[in-house]
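J.: Here it is: the structure, laid out below.
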Amino acid sequence: MKIVVAVTGASGFPIAVRLLKELKGNEIHLVVSDHAWDVLKYEECGSREDVTALATRVYDPNEIHTSICSGSFPVDAMVVVPCSMNTLGHIANGIEHNAITRAVGVNLKQERKVILVPRDTPLSLPALRNMVKAKEAGCSIVPPMLCYYTKPKTIDDLTGYTVGKILEMLGIGHELYERWDK
Ligand SMILES: Cc1cc2nc3c(=O)[nH]c(=O)nc-3n(C[C@H](O)[C@H](O)[C@H](O)COP(=O)(O)O)c2cc1C
């Protein structure tokens, strides 16, 4: 598959790194916001070089004259993981202020799958409303939620649960958690 992965400045860079590792073998077009790179310094899940090495091609978030910002560049899906409330607000209101929100905009207009992994807590009323608006615009909303019945033992298990949910939305098989089959 050919997938655009965008990382924004919410907590959860390790989710993006795990997703990129699970997507190995696919064609990955990666764009990381400036604020996301700041968050990486706190979340310590590898260096900038480690992250970019997981992608086929890396884009400048401030450069909108690139392929991912055009609807004529065919991709199968786009994932914004994690999705900050700032980026969510732009997406929900159709504001294309950088390469990430422009890429979301073109993929929505082309009626392609766009998955958002919004992360903040607690959630403000504007954030909740923006999730509804983004859903109405055609995005899938997959927040990183804790799950206990899968009996997670490590943070990596919890991360894997969210990544498994994203892979399921992409139609990609995985063994990151056991399926409910009673
Ligand atoms: C360590 C750290 C953690 C943050 N966590 C969140 C978060 O979980 N959710 C969120 O919406 N913003 C969070 N922020 C704030 C965003 O980074 C900030 O709103 C930024 O403007 C987002 O820009 P972007 O959408 O271009 O990435 C965090 C900032 C820092 C420094």
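J.: Looking at 164, 160, 173, 94, which is the one that is among the small types (Gly, Ala, Ser), open to solvent by less than 80 Å² (accessible area, probe 1.4 Å), under 20 Å from residue 23 (Cα atoms) and part of a loop (DSSP other than H, G, I, E, B)?
T.: Numbers: 164 fails: part of a loop (DSSP other than H, G, I, E, B); 160 fails: part of a loop (DSSP other than H, G, I, E, B); 94 fails: under 20 Å from residue 23 (Cα atoms).
The unique qualifying residue is 173.
J.: (1) open to solvent by less than 40 Å² (accessible area, probe 1.4 Å); (2) in contact (Cβ under 8 Å) with a residue 24 or more places away in the chain; (3) in contact with a helix residue (DSSP H, G or I) (Cβ under 7 Å, 6 or more places away or on another chain): which one isn't true of residue 101, the others all being true?
T.: The failed condition is (2).
J.: For residue 63, work out the one condition from (1) open to solvent by less than 40 Å² (accessible area, probe 1.4 Å); (2) within 16 Å of the ligand (Cβ to nearest atom); (3) in contact (Cβ under 8 Å) with a residue 24 or more places away in the chain; (4) within 24 Å of residue 17 (Cβ to Cβ) it doesn't fulfil.
T.: (1)
J.: Before we move on, is residue 36 part of a loop (DSSP other than H, G, I, E, B), within 23 Å of residue 143 (Cα to Cα), within 16 Å of the ligand (Cβ to nearest atom) and out of contact with any Leu (no Cβ under 6 Å at 6 or more places or on another chain)? Step through it out loud before you land on a result.
T.: Working: part of a loop (DSSP other than H, G, I, E, B): no; within 23 Å of residue 143 (Cα to Cα): yes; within 16 Å of the ligand (Cβ to nearest atom): yes; out of contact with any Leu (no Cβ under 6 Å at 6 or more places or on another chain): yes.
Against the criterion (part of a loop (DSSP other than H, G, I, E, B), within 23 Å of residue 143 (Cα to Cα), within 16 Å of the ligand (Cβ to nearest atom) and out of contact with any Leu (no Cβ under 6 Å at 6 or more places or on another chain)), residue 36 does not qualify.
J.: Could you give me the residue pairs with C-beta distances under 8 Å whose first residue belongs to segment 32-49 and is open to solvent by 40 Å² or more (accessible area, probe 1.4 Å), whose second residue is in a helix (DSSP H, G or I) and more than 11 Å from the ligand (Cβ to nearest atom) wherever it lies, and which are 6+ apart or on separate chains?
T.: 43/14
J.: Among the candidates 88, 54, 20, which residue alone is in a helix (DSSP H, G or I), buried (at least 18 other Cβ atoms within 10 Å of the Cβ), at pLDDT 95 or above and more than 13 Å from the ligand (Cβ to nearest atom)?
T.: Numbers: 88 fails: more than 13 Å from the ligand (Cβ to nearest atom); 54 fails: in a helix (DSSP H, G or I).
Of 88, 54, 20, the one residue that is in a helix (DSSP H, G or I), buried (at least 18 other Cβ atoms within 10 Å of the Cβ), at pLDDT 95 or above and more than 13 Å from the ligand (Cβ to nearest atom) is 20.
The values are calculated or read from the model by the stated rules, or taken from the named source; none is laboratory data. This is a predicted model, so every value here is computed, not measured. A quick note on method: Cβ atoms are made from the backbone with ideal geometry, for glycine too, and the neighbour counts reach across all protein chains shown. All accessible areas refer to the heavy atoms of the entire protein, side chains included, with ligands and DNA or RNA removed. Shrake-Rupley method; radii C 1.70, N 1.55, O 1.52, S 1.80 Å.
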